[in-house]
1. Under the 0.36 nm per residue contour assumption, what length would be gained going from the current alpha-carbon distance of F198 and D93 to full extension?
2. Where in the chain are the DSSP H helices whose C-alpha atoms run 24 Å or more along the long axis and whose mean Kyte hydropathy is at least -1.0?
3. Where the accessible area of segment 172-232 is counted over protein heavy atoms with a 1.4 Å probe, how much of it, in %, is carbon and sulfur?
4. Calculated from the structure, volume of the Cα convex hull per residue in Å³ equals which of (i) 109; (ii) 136; (iii) 154?
5. Grab the other residues whose beta carbon is less than 13 angstrom from that of N41, score K and R as +1, D and E as -1, and report the net.
6. Report the calculated FRET efficiency for Y47 and Q119 (r = Cβ-Cβ distance, R0 = 30 Å), to the nearest 0.05.
7. Averaged per residue, what accessible surface does segment 115-157 expose to a 1.4 Å probe, in Å²?
8. Tell me, in nm to one decimal, what length is gained between R153 and L220 on full extension, where the rule is 0.36 nm per residue of separation less the Cα-Cα distance?
Amino acid sequence: MPWFSRRTAPPQITRDDLDRFGRHAFDTRNAGDAETTWAVNLTMRAYQWGQADRAAFMAAMVDAATHGQWAALGAERMVIEALGFLQDDPSFDTVMEHSLRFLRSRGIPKLHITGYEAQWWAAHAGNEPWLVGRPAPSLQAAPITPLRDGELRRVANMGPDGNDNDILVTRADDGFKAVIEGRYSDDDPRLTRRDWHFAPTLHALYVRLGDSLGTPPPWLHPELAPYIPLAAPDLS
């Protein structure tokens with residue numbers, strides 16, 4: 001039995017809680033122990049509430065989501081935690097719609113949404129693109145310096161908050177390739193390289209890299225910058 005019943009007051013989960021939870025859920029990698037413990041406790045309270053009084057719980061999540069901002073994402077992720085992915089549920093669809101609208105308004109690339117969010121978007125968005133970015137420069141306008149034989153050009157770094165990998169470009173037997181260089185593992189600092197993208201020209205390779213990266217990584221070579229279609233997301 002949950003620790004409260006329909007006759008007692010539901011656990012107080014406020015919009016401020018859901019705002020904080022949305023920020024936490026989007027970036028759990030950088031959450032400290034205290035924040036993680038807080039989020040786990042909030043999730044447990046939400047689960048108990050959702051199981052005991054689903055209608056009241058969903059009404060509260062809809063209310064938070066319709067106010068937008070990080071609380072919308074927090075409400076959506078909390079529904080998933082408490083009740084799972086709800087099929088054919090108008091309240092859940094409302095929560096998900098507001099959450100994804102918020103993520104798109106902040107320029108969050110599709111690479112950073114969850115499988116549940118991608119599933120809902122695919123079922124409801126039709127042919128609407130997730131985000132629309134600027135086109136890549138033409139070959140004539142591309143600020144490309146030819147690669148020297150044997151040159152490994154560093155064009156991006158994913159930063160300490162990511163995996164800290166470098167993206168390198170070099171010549172290949174039949175064109176050009178992008179190589180990911182990084183540590184073997186968190187416990188093994190040996191540098192390893194693996195091939196990523198291939199293209200017949202350096203311009204075409206930069207186009208592929210821009211499409212794959214989507215938004216600017218923490219460090220970006222000036223030559224690759226015009227190929228990045230989207231601005232950095234707004235995480236404020």
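The values are calculated or read from the model by the stated rules, or taken from the named source; none is laboratory data. In this text the structure is predicted, and so the values were computed from the model without any measurement. A quick note on method: Cβ atoms are made from the backbone with ideal geometry, for glycine too, and the neighbour counts reach across all protein chains shown. Quick note on the areas: whole protein, heavy atoms, side chains included, nothing else; ligands and nucleic acids left out. Shrake-Rupley method; radii C 1.70, N 1.55, O 1.52, S 1.80 Å.
1. Working: separation 105, 0.36 × 105 = 37.80 nm, distance 4.00 nm.
Gain in length upon complete extension: 33.8 nm.
2. Numbers: long enough: 33-52 (29 Å, -0.53).
Within the chain the helices that satisfy the rule are 33-52.
3. Details: 1760 of 3440 Å².
Here it works out to 51 percent.
4. (iii)
5. On the way: positive: R20, R45; negative: D17, D33, E35, E81.
Charge balance in the 13 Å sphere: -2.
6. Values: r = 21 Å, r/R0 = 0.71.
After rounding, the FRET efficiency stands at 0.90.
7. Details: 2830 Å² over 43 residues.
With all protein chains present, segment 115-157 gives 66 Å² per residue.
8. On the way: separation 67, 0.36 × 67 = 24.12 nm, distance 1.16 nm.
Full-extension gain reported as 23.0 nm.
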